[in-house]
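Take a look at the structure set out below.
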Amino acid sequence: MADFKLQERWAEVAALFFVVLGFMISVLLRTPAISYLAVLLSGLLAGRICFIERYKQPIFPFILIILGFLAGYVAGSFWVSRFWTMIFFSLGGFISYHLHQKGMAVTFKSKDFIE
């Protein structure tokens with residue numbers, strides 16, 4: 001523990017935080033429709049993060065954080081189907097990534113953001 005360097009282990013710490021956050025959000029959302037909507041929106045956000053970070057090195061820490069959130073959310077989804085939770089998350093990520101790729105959704109730093 002004496003050799004713990006946060007600058008080198010930030011991805012693992014962030015992933016653990018998002019595992020706990022995903023679990024807490026999933027447990028608190030007991031209504032299936034709201035739970036599925038939350039996981040769909042989380043997938044949309046994950047697709048956006050993957051699109052923004054796609055050419056930067058390394059991308060693995062961001063994938064680890066996204067998968068950590070998903071693992072926590074799936075572990076805490078007691079009132080909804082875990083299968084459909086994974087499907088909605090994947091669908092949201094796929095849709096968001098392709099909307100950004102086609103230019104239909106833009107990032108804040110792009111020239112088309114404010115028009």
Cβ pairs under 7 Å, 6+ apart or interchain, first in region 69-86 and over 9 Å from Gly22 (Cβ atoms), second open to solvent by less than 50 Å² (accessible area, probe 1.4 Å) and part of a loop (DSSP other than H, G, I, E, B), ordered by first then second residue, are Thr85/Ser77
Residues located in region 46-61, provided they are free of Cβ contacts under 8 Å to residues at least 40 places away in the same chain and not in a loop (DSSP other than H, G, I, E, B): Ile49
Residues of region 25-45 classified as open to solvent by 60 Å² or more (accessible area, probe 1.4 Å) and outside any helix (DSSP H, G or I), total: 2
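Tyr73 - would you say it is in a helix (DSSP H, G or I), in contact with a Cys (Cβ under 9 Å, 6 or more places away or on another chain), among the hydroxyl-bearing types (Ser, Thr, Tyr) and surrounded by 19 or more Cβ atoms within 10 Å (Cβ to Cβ)? Give the derivation first.
Working: in a helix (DSSP H, G or I): yes; in contact with a Cys (Cβ under 9 Å, 6 or more places away or on another chain): no; among the hydroxyl-bearing types (Ser, Thr, Tyr): yes; surrounded by 19 or more Cβ atoms within 10 Å (Cβ to Cβ): yes.
So Tyr73 fails the test.
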Contact list please: Cβ distance under 6 Å, first residue in region 19-32 and more than 7 Å from Gly76 (Cβ to Cβ), second residue open to solvent by 60 Å² or more (accessible area, probe 1.4 Å), pairs at least six apart or on different chains. Arg30/Trp79
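From the list Ser90, Ser96, pick out the single residue that is open to solvent by less than 20 Å² (accessible area, probe 1.4 Å) and either part of a helix (DSSP H, G or I) or closer than 13 Å to Leu40 by Cα (or both). Reasoning before the result, please.
Details: Ser90 fails: open to solvent by less than 20 Å² (accessible area, probe 1.4 Å).
Exactly one of Ser90, Ser96 is open to solvent by less than 20 Å² (accessible area, probe 1.4 Å) and either part of a helix (DSSP H, G or I) or closer than 13 Å to Leu40 by Cα (or both), namely Ser96.
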Being touching a Lys or Arg at 6+ places or on another chain (Cβ under 9 Å) and either surrounded by fewer than 20 Cβ atoms within 10 Å (Cβ to Cβ) or within 25 Å of Lys102 (Cα to Cα) (or both), is that true of even one residue in region 58-66? yes
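The values are calculated or read from the model by the stated rules, or taken from the named source; none is laboratory data. Not measured: the values here are computed from a predicted model. For neighbour counting, all protein chains shown are included, and Cβ atoms are generated from backbone atoms with ideal geometry for every residue, glycine included. The protein model used for the area step is the full one, side chains on, heavy atoms only, and it has no ligands, DNA or RNA in it. Shrake-Rupley method; radii C 1.70, N 1.55, O 1.52, S 1.80 Å.
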